[in-house]
Amino acid sequence: MPDPKPMTPLTLSAYTLVTANGRGVGPVLQALQERRSGLKPCDFEDVALKTSIGRVTGLEDFSLDDELRAFDCRNNRLAWLGLQQDGFMVAAAEAKQRYGAHRIAVVMGTSTSGILETEHAYRERDPSTDRLPDWYRPRYRYTHNMFSLGHFVRTCLGLQGPAMVISTACSSSAKVFATAARLMQAGLCDAAVVGGVDSLCLTTLYGFSALQLLSADPCRPCDEDRDGLSLGEAAGYALLEFGERVGGRGTVALLGYGESTDGYHMSHPHPEGAGAVRAIRDSLARASLRAEDIEYINLHGTATRANDSVEDKAVYSIFGARPACSSTKGWTGHTLGAAGITEAVISALCLAQGLMPGTLNCQRVDSSLKSRILRENQTGSISFAVSNIFGFGGNNCSLVLGKLP
Amino acid sequence: MKVSIGGIGLLASGLVGWDVGREVLAGIRPYRPGAVPDPEAKLLPPNERRRSSDCVRWAMQVAQEAIGRSGLDPREVPTVFASSGGEMGVFDKLCRALCLPDRMISPTLFHQSVHNTAAGYWGIATAGQQSSTALSCYDDSFAAGLLEAATVVCVEQRPVLLVAYDLVVPEPLSQARPITEGFAVALVLTPPSDDSSPVMRVHLETAHTGKTAGLDDPELERVRQDNPAARALLLLSAAAAGGGRTVGFSLSDSQQLIVDLELCRI
């Protein structure tokens, strides 16, 4: 296959993030600088699993009302909380003024949407007739259905351009950048709100437990004794616009994306990371960059034995041991369908602030890993970073972010 | 955006395979709904096939038919899978298990619950490493999938396999989302070529009335309205009738995806 053609850089003219570390990029950045994890022993509902989670506090303390009432569920509350941070609503409203509501796409990612509502409804179903509770039936569409998040965000922002929800497990909200970039390049919209929201639920907690992939302790990416992941939840957004219209010197922009599949197994990565290599190479080609240009790599780094080892092989085969690499899952947990936007926004913060976070909870780097894994935070100007996201179904996506010259 | 249709796959009651479907939709043979034979989905290894969901087998079946007609190597073709609800049958089993005291769920069932399950199995079965997207846009999922697929074709100048499917929703979830008949369709879309493949022009318009009519046949129209994937019947009917028609698909209330299908023999 020929290399993909270079893409036009897209400015992240606004971005925001809510994780267990706090609401908005300020608290998230502070947690990164102070090396303060958001992971705590699992206290989600009545779940009795021995594991740590990155729970966003306060989601139980409010509800969505009035015209948003039908959307009320944990996932959309988290989505709403995300929209309130960092002036994102204002930035989206200004973009609407500039381009018109029909010219802004909404492309969101999630893995489980509002499935927690369905889990609750099943518990309340009539044991003799299987009838689901009255409150649930009209609300499936607005809560659990995969498109609920996209519907919710475009409703909140009053946007009327093309909308869809990408759901490819962990890579969902990395791939939204690729889809939005294509929609813009094809002239179907002038700007796009992209993002991802995924929230805790029994399905993923007990599901990853069944796969024996949950660590009993806060996850330790790249550590020689790592023994699994910690789940988290997050909401993040970015407003993408063509660089020449809004981007000034030093503005963070999406420079490239690469997507691939392993074609190997539903829940195990390809042993040599072949799909990951393809995704990274394509992202560099679209960014017109060489491997030597990349200074920081935000790893997928879930802290499972298999992921970190295979990802290392893929990264090392392309970059050698030159760029600084780290996983930020020790702060946020694995936010699944929101991992792409979580780590894209963290990478944007790192570029803007000149910060390379050392892998939190990694005491001793696994000696079999060949890449240059950072354990301590480093500061210094960074121009180009790569963010990797690999997921179930062998679905991979890599993004290149950089500062505009 | 201008794209060619390189192959079609179809599976639904009374529309088993595109050869039958085309003749029914062209009015050459009567529409006779009946039980759909369990898809062979030959690409899946026997043990995976046994454990797989209806969604996976139906999606595999139509994907294989469309790719076969296109003559393309599936390893070279990126994919877009569109489904409103995804693995509703798997959700039912998981949610039932999560109501039991021990909350033990099967690891296989869990990894089969993701929206990209069918996409993942297609990649595994074909050993493909191309990009693969799985998406939803509720009732407009077929149109959103067509938009995404056409965009990949045009921007990246690659052929794309689009697969849209929604299966019968089991009780009790059907109380919240009734879909009473399964429907799966696949289209291989390619950059326009010199051969005789049907060519369509795809663009977006602001929503207005008049271009999103239904089907003339009341029984087929009922199928189209019952299942989000069956919204594709408008395009398939236009193709079966030899093209030269414009069809419109609603896209999230505010827009329409307009498809101008040129005269064609398919």
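The values are calculated or read from the model by the stated rules, or taken from the named source; none is laboratory data. What you see is a predicted model; the values in this text were computed from it and never measured. Positions of Cβ are generated from backbone atoms using ideal geometry, with glycine treated the same way; all protein chains shown enter the neighbour counts.
Just to be sure, is A:Ala216 in a strand (DSSP E or B) and touching a Gly at 6+ places or on another chain (Cβ under 9 Å)?
Working: in a strand (DSSP E or B): no; touching a Gly at 6+ places or on another chain (Cβ under 9 Å): yes.
In short, no.
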Only one of (1) within 7 Å of another protein chain (Cβ to nearest Cβ); (2) surrounded by fewer than 24 Cβ atoms within 10 Å (Cβ to Cβ) fails for B:Ser132. Which number is that? (2)
Name, by its number, the condition in (1) within 10 Å of chain A (Cβ to nearest Cβ); (2) among the aromatic types (Phe, Trp, Tyr); (3) crowded, with 24+ Cβ neighbours inside 10 Å that does not hold for B:Phe91. (3)
Can you say whether A:Gly196 is of a type outside the set (Val, Ile, Thr), within 14 Å of chain B (Cβ to nearest Cβ), part of a strand (DSSP E or B) and in contact with a strand residue (DSSP E or B) (Cβ under 8 Å, 6 or more places away or on another chain), as far as the supplied structure shows? yes
Looking at the range B:32-44, which of its residues are without any contact (Cβ under 8 Å) to a residue 40 or more places away in the chain and surrounded by fewer than 23 Cβ atoms within 10 Å (Cβ to Cβ)? B:Arg32, B:Gly34, B:Ala35, B:Pro37, B:Asp38, B:Glu40, B:Ala41, B:Lys42
Selection count, the range B:17-51, where residues are modelled with pLDDT under 90 and more than 20 Å from B:Glu65 (Cα to Cα): 3
Of (1) of a type in the set (A, V, I, L, M); (2) at pLDDT below 95; (3) under 24 Å from A:Tyr264 (Cα atoms), A:Leu404 satisfies all except one. Which? (3)
Picking from A:Glu343, A:Glu311, the residue that is among the charged types (D, E, K, R), modelled with pLDDT of 95 or more, over 27 Å from A:Thr11 (Cα atoms) and in a helix (DSSP H, G or I) would be A:Glu311
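Looking at the range A:263-301, which of its residues are of a type in the set (S, T, N, Q), within 14 Å of another protein chain (Cβ to nearest Cβ) and within 24 Å of A:Leu374 (Cα to Cα)?
Selection gives A:Ser283 alone.
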With the condition kept exactly as written, say whether any residue in the range A:123-144 is surrounded by 23 or more Cβ atoms within 10 Å (Cβ to Cβ), part of a loop (DSSP other than H, G, I, E, B), in contact with a Gly (Cβ under 7 Å, 6 or more places away or on another chain) and at the interface with chain B (Cβ under 9 Å from one of its Cβ atoms). yes
Please verify whether A:Thr304 is closer than 14 Å to A:Val18 by Cα, among the β-branched types (Val, Ile, Thr) and surrounded by 24 or more Cβ atoms within 10 Å (Cβ to Cβ), treating the condition exactly as stated. no
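Among the listed residues B:Val185, B:Val168, which satisfies the condition of being closer than 30 Å to B:His111 by Cβ, touching a residue at least 40 places away in the same chain (Cβ under 8 Å) and surrounded by fewer than 22 Cβ atoms within 10 Å (Cβ to Cβ)?
On inspection, the qualifying residue turns out to be B:Val168.
Tell me which residues, restricted to the range A:89-108, are among the β-branched types (Val, Ile, Thr) and farther than 14 Å from A:Val153 by Cβ.
A:Val90
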Given the conditions (1) within 12 Å of another protein chain (Cβ to nearest Cβ); (2) in contact (Cβ under 8 Å) with a residue 12 or more places away in the chain; (3) under 30 Å from A:His120 (Cβ atoms); (4) of a type in the set (A, V, I, L, M), every one holds for B:Ala176 apart from (2)
Mind listing just one residue for me: the one in the range B:109-125 that is farther than 24 Å from B:Ser174 by Cβ and more than 7 Å from chain A (Cβ to nearest Cβ) and, of those, surrounded by the fewest Cβ atoms within 10 Å (Cβ to Cβ)? B:Ala125
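With more than 7 Å from chain A (Cβ to nearest Cβ) and either modelled with pLDDT of 95 or more or touching a Lys or Arg at 6+ places or on another chain (Cβ under 7 Å) (or both) as the only criterion, which of B:Leu98, B:Leu147, B:Leu161 stands out?
Every option except B:Leu161 fails the conditions.
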Could you list all residues from the range A:80-90 that are within 15 Å of A:Val25 (Cα to Cα) and either surrounded by 20 or more Cβ atoms within 10 Å (Cβ to Cβ) or hydrophobic (A, V, I, L, M, F, W, C) (or both)? A:Leu81, A:Gly82, A:Leu83, A:Gln85, A:Asp86, A:Phe88, A:Met89
